[in-house]
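Participant: Dropping the structure in here first, questions after.
Please treat every number below as a calculation from the coordinates, not as lab data. Bear in mind that the values here come from a model prediction, so they are computed numbers and not experimental data. Cβ sites come from the backbone with ideal geometry, for glycine too, and all protein chains shown count toward neighbours.
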Amino acid sequence: MNKKSKIILEHNSYILAISYHDYRESIGGTDKVILSQKEKLYKNKISYLFLFPQVIRIKKKYVLVHMWEVIGDGRSFGIFSTEEIIEELQELSKEKCFYSISIHHLLNIYFKDLYSILDCFPVPVFFLIHDYYSICPQCFLLKNAKEFCGIDGYREEKCKTCYCYPKVEKHQKQMLDFLKRYEDKLSIFVPSKSAKEIWTHNYPKWKEKVEIMPHVLTKGTYLENRKPIEGKIRIAFVGQQIYLKGWDVWKRVQKQYKEEKGFDYYYFGHIKEKLPNTNSIEVNFQREGQNAMLKALRKNKIQAAILWSICPETFSFTYYECFAAGVFVITNQNSGNIEAMVKKNKNGIVLRDERELLHFLSDPNVLKEKIMDWVEKDYNCPEILRENDVIFENRFLAQEKVERKDFYIEDKQQELDEKKQIESMIFFKKSMILFYKWIKKWAVKLFY
């Protein structure tokens, strides 16, 4: 008699997705892509099985315990060892069509366990680039987490004064080993041309395998928000209140021009800090839907936004949401795809640094003239932002829709049985993970 799977999926086919944390509990771009992928596939009667690591380390360096937390069709199924995951996938695939594996991120992934899963199932593997973790453990390419250090990966002279230096060479080797090991079955996706240029600069051998697939597509023309500006300019900071997105720069702008009568200040995103003289508006796509930010920007008729990422964005949902709301975007030369899209669509200005930004904003009339000049000459903002269906259908479901019952790999079973740990040890590891999660939860409540 066949062993019954502990993981219950609603539909007769599924894909497996892997990332570094629970996509349901965060509001970053990676989480937005994963949620969108899950919802789109589910609507097409394809289940979404999602894994993310639960890790306990010693001194933040040595892995003591590595297991997987499992989410199926948005429902939690608990903690599993790698051996249990393989068994569950084998059981599921006796009755269901296993299309492909999508790897969204490799942070905190124990590669030996990942390889065990990938080696057991002859399905296509899609590697999606959301940031530059595959180039450097500092995934935003910020030296000492403070300033952009260029698009190169490991370089002795550049890296030796950075806190990542002890591990960056080993990290890049690990990534190369991963790419080489699955070269024949791996497809690599980046969301923009600028991301492809940076990634292939570091991995030129894989240039022909890298495809550009933007997360959203644009359609139509948005005809609102084009009236002459009367009175104050509605200017906003859009996105997360964190250093790498330029939040500190935004606060300095407001501090310097707090008495400036030419601006109405707004903030859109998750409110952790409220600033004086600022209209702070909570926006959360997890609760309000994928277009929550676009609707909020349009409703409040925002005219200008500072998108001051200090590191190269691979895509930037906030840029496209501003673009579709008819917002003039102010950014800097290190912001990656934001800079590239502002130049391409001519819907903003690219400045060198913070000093130039402060000078530019010193006279609101200069910004007002820039906005109206753009509206009259180059306005081309889209009416609709829609998900890129190609990502979900034409590639991730590249296999024919047939019942695939050949993934229960008998020749792997003996090897799997030999390496499977006794149940008591697995139970002990799970208990450690659950206790560790409980400690972290209460630490956050007590000290933050």
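Participant: Excluding Y319 itself, calculate the net charge of residues whose Cβ lies under 15 Å from the Cβ of Y319, where each Lys or Arg counts +1 and each Asp or Glu counts -1.
Facilitator: Summing Lys/Arg as +1 and Asp/Glu as -1 gives +3.
Participant: Here is the link list: K158/K205; K96/K209; K96/K185; K173/K205; K112/K196; K146/K205. Which ones come out longer than 19 Å on Cα distance?
Facilitator: Flagged as over cut-off: K158/K205; K96/K209; K96/K185; K112/K196; K146/K205.
Participant: Pull up the DSSP beta bridges for the stretch 219-387 and report the antiparallel fraction as a percent, rounded to 5.
Facilitator: 5
Participant: Something else now. So for the stretch 219-387, taking the charge dipole from beta-carbon charges (+1 Lys/Arg, -1 Asp/Glu), which of S316, I349, Q290 sits furthest toward the positive end?
Facilitator: Among S316, I349, Q290, the one farthest towards the positive end of the dipole of the stretch 219-387 is Q290.
Participant: Once you list every other residue whose beta carbon is under 14 Å from the beta carbon of G29, what net charge do they have if Lys and Arg are +1 and Asp and Glu are -1?
Facilitator: It works out to a net charge of -3.
Participant: Sorted by average packing, counted as other Cβ atoms within 10 angstrom per residue and highest first, what order do 271-278, 371-378, 238-245 take?
Facilitator: 238-245, 371-378, 271-278
Participant: For the stretch 331-361, which trypsin sites (Lys or Arg not before Pro) are in a loop by DSSP, counting at most 11 other Cβ atoms within 10 Å?
Facilitator: Sparse-neighbourhood loop trypsin sites (Lys or Arg not before Pro): R352.
Participant: So if the hydrodynamic radius of the stretch 128-286 is defined as the Kirkwood radius over C-alpha pairs, what does Stokes-Einstein give as its diffusion coefficient at 10 °C and 1.306 mPa s, in µm² per second?
Facilitator: Reported coefficient: 83 µm²/s.
Participant: Please compute the alpha carbon radius of gyration of the stretch 219-387, then divide it by the globular-protein estimate 2.2 N^0.38 Å. Two decimals is fine.
Facilitator: Normalised by 2.2 N^0.38 Å, the Cα Rg of the stretch 219-387 equals 0.94.
Participant: A further question follows. Compute the distance from the alpha-carbon center of the stretch 312-326 to that of the stretch 62-138, in whole Å.
Facilitator: That distance is 30 Å.
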